[in-house]
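Following: one structure in structure tokens, then a few remarks.
The values are calculated or read from the model by the stated rules, or taken from the named source; none is laboratory data. This is a predicted model, so every value here is computed, not measured. Virtual Cβ from ideal backbone geometry, glycine too; neighbours counted across all protein chains shown.
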Amino acid sequence: MKNQGSGLESILQNLIAALTVSFAAISLGAAFGLASGRGAFAGIVSAGVIALITSALGGTRVQCSGPTAPMTAITIVIVSFATTELSTHLPGISPHHFINAVFLLTGICLIIVAILRLGFLVKYVPNVVVSGFMNGIAILIWLSEIRKIIGLGGSASFTGPVAINVAVAGVTCVLIFLIPRFVSRIPKNNLLSATLIAIIVMSAITYLFNLPIETTRLTTRIDSVQSVLDIVSEQLPVHWPLEMFKQPFLYKFVLTLTLLCYLDSLLTSLVVDKFTGEETKRNKELAAQGIANSVIALFGGIPGAQATIRSVLIIKERATFRYAGIMVGVFVLVEMVIFQDWINYIPKAVFSGVLLKVGWDVFDKDSVIIFWKQVRGIETGREFRITGIEMWLFIAGTTTATVLLDLNVAVVSFSLLFYLFNRFIYKSNPLQDLKAGSTSTDSR
């Protein structure tokens, strides 16, 4: 950033930006925590810890990391496996400890990737593949929340009348869409978060009208330093059974989360770099994400990555210094302690409504528009002579593979198909263009 400012005014500007983003971070943290199956507390503490560590150590100077929709979508699968199938593969292993081991190993893998300086590989992932897997993640989030609201696919719905839960989730989602239109007319509105307002309004309505639906319950409380130490002591086993590390599903989960955090963080950093005019130190960023995701395992949290919405928001709120992101983490952790009793009044359906909107934000709507307009070429403007229909087939294929198969399979297989298609059908060489300095993901 060219103009960082100085003095008391600049300090206050960065602190206000951090406070603003902390409201969004704590709201989304609780929503992602509930969605993952680990609880609101896990999501909130992760939102604080990850933001603090990555902002302090990361390669993107002004940013905000934390639990994200893509990382949560995979976490849901891991938690489901650990709670329903782990006992048949590894009897005697605590599901809780297994999940934390996956997150800890994911962090270590990210650090290894950074040490090997593999951050440059992100430029080889085509836009059509990125769009496809992001759409797949959005669909996974939508399906997960719909199952919880109405009980599809054998999943138990939230307690209480389904109609009321559907209404609460739906109204919450609509409010998050509509509130910004009204808030924008209010002077000095930078502390008004649409997500936070929607959560407060719907929680108040539920409480005042005594709606018979399930509310959030924090099963963990922080009342003292000792309570923090007790939380940490419960997370990891004293002994690590060798059998656990022989199981292929462990490595599958770790590899999937590592790849997803790699893509999620570095693609977001490209967006942030466009706003700031700076260039992310990719390997430094990956190392910071690895450290953060290892640390949250000590608190029974959920994994995260650099978050596009929160990172862009903190920049738009005129944050200019690294400590703005650090203070987001600090504010989230302070707010968690201060408001932990209030969180118990929030209906779970409200967080489902929040995540339905998050899924909309994650979904790459531009790809659909491009398809219908039959635009030639992909978003970066490189001449690969790939038509709108062919581009859509790549996006749809990656989306389908992400939802039905596996993220790793989707990204690797369709990236390879993309280059083979251009090389043998259109006789172009995308890799040569990349070496010349262009990247296939610079529009994200």
Among the residues of the stretch 36-78, the number that are more than 23 Å from R221 (Cα to Cα) and of a type in the set (K, R) is 1
Requested in this report: Would you check if L393 is assigned to a helix (DSSP H, G or I), under 22 Å from L121 (Cβ atoms) and at pLDDT 60 or above?
Outcome: no
For L266, the lone unmet condition from (1) out of contact with any His (no Cβ under 9 Å at 6 or more places or on another chain); (2) at pLDDT below 90; (3) closer than 19 Å to C109 by Cβ is (2)
Exactly one of F363, F331 is within 30 Å of L255 (Cβ to Cβ) and either surrounded by 21 or more Cβ atoms within 10 Å (Cβ to Cβ) or modelled with pLDDT of 90 or more (or both), and that one is F363
Within the stretch 282-303, identify whether any single residue is in contact (Cβ under 8 Å) with a residue 40 or more places away in the chain and surrounded by fewer than 16 Cβ atoms within 10 Å (Cβ to Cβ), and answer yes or no.
yes
If we ask which residues in the stretch 197-254 are closer than 30 Å to I338 by Cα, at pLDDT 85 or above and in a helix (DSSP H, G or I), their number turns out to be 12
Taking the stretch 334-360 and the residues there that are assigned to a helix (DSSP H, G or I) and under 13 Å from G48 (Cβ atoms), the one that is modelled with the highest pLDDT would be V334
R38 meets each of (1) over 13 Å from the mean Cα position of the chain (by Cα); (2) over 23 Å from K274 (Cα atoms); (3) in a helix (DSSP H, G or I) with one exception, condition (3)
Scanning the stretch 304-328 for residues that are β-branched (V, I, T) and modelled with pLDDT of 95 or more gives I326, V328
A114 passes all but one of the listed conditions (1) surrounded by 15 or more Cβ atoms within 10 Å (Cβ to Cβ); (2) under 25 Å from L407 (Cα atoms); (3) modelled with pLDDT under 95; (4) not aromatic (F, W, Y); the exception is number (3)
